[in-house]
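Take a look at the structure set out below.
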Amino acid sequence: MLMRATGRGSISSFLKLAVDVAWVVACALLGFIWIIAALAIYSLITGNPTFIDNVGENTFNTPLTLVVWTVMGSILCVGAMIVCAYLRGVFETLVAGDPFVPENARRFGAIAIVLAAMEASAMFVATVIRLIFSAFAPSGQTVAFPFPNINLPIWFAVLTLFVLAQVFREGAAMREEQKMTI
């Protein structure tokens, strides 16, 4: 039996539920990141080891790795929460059976902007933090300076979302014209 794409009990309602779950997971992950950061700060200040000092390769025994990990994780979690909030609105209109509304065009544009901001921060925030730490590092101590990674599939998705926003804008305008036609 095929499922419907819109309406109650449809694929859209299932995806709306999945987006709600993803939003909760992003909130929990953000809290987890800050708890781990607090434990790492405690360990760095007092010198007392905590359980996170033995987590394999991802040790937070330097302030640099702690700051990069906390800032990047927080940016990505907050971005995921914002994207989920906008997607929830899109799926609500799909469940209602009326996807071509002007709000969806704005939502897709906003999602594209948030994804671009997340990717730009992933490219440059870690580099800027390393640059700041190297400027304030004691003489003789060096900090590796990585070149920002460019993730082409994400930038392609951003462009696709801008196009999709325009498609929904045109679809909403065509629907309004059709309503005015006798």
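Taken together, the values in this text are just the output of simple stated rules run on the coordinates, not laboratory data. Not measured: the values here are computed from a predicted model. Using ideal geometry, Cβ is built from the backbone for each residue, glycine included, and neighbour counts are taken over all protein chains shown.
Could you list I150, I132 so that the one with the fewest beta carbons within 10 Å of its beta carbon is first and the one with the most is last? List each step's numbers first, then the result.
Details: I150 10, I132 13.
Lowest to highest Cβ neighbour count: I150, I132.
Taking a point 7 Å from the Cα of I75 along the Cα-to-Cβ direction, the residues of the range 105-124 with backbone N closer than 18 Å to it are 111-124. Label-to-label distance for F124 and F162 is 1.6 nm, based on points extended 7 Å past Cα in the beta-carbon direction.
Sequence-ordered 3J(HN,Hα) estimates for the range 111-119 from the Karplus curve with 6.51, -1.76 and 1.60 and θ = phi - 60° stand at 4, 4, 5, 5, 4, 5, 5, 5, 5 Hz, glycine and proline given as x. With R₀ fixed at 35 Å, the C-beta to C-beta distance from I35 to L152 puts the FRET efficiency at about 0.55.
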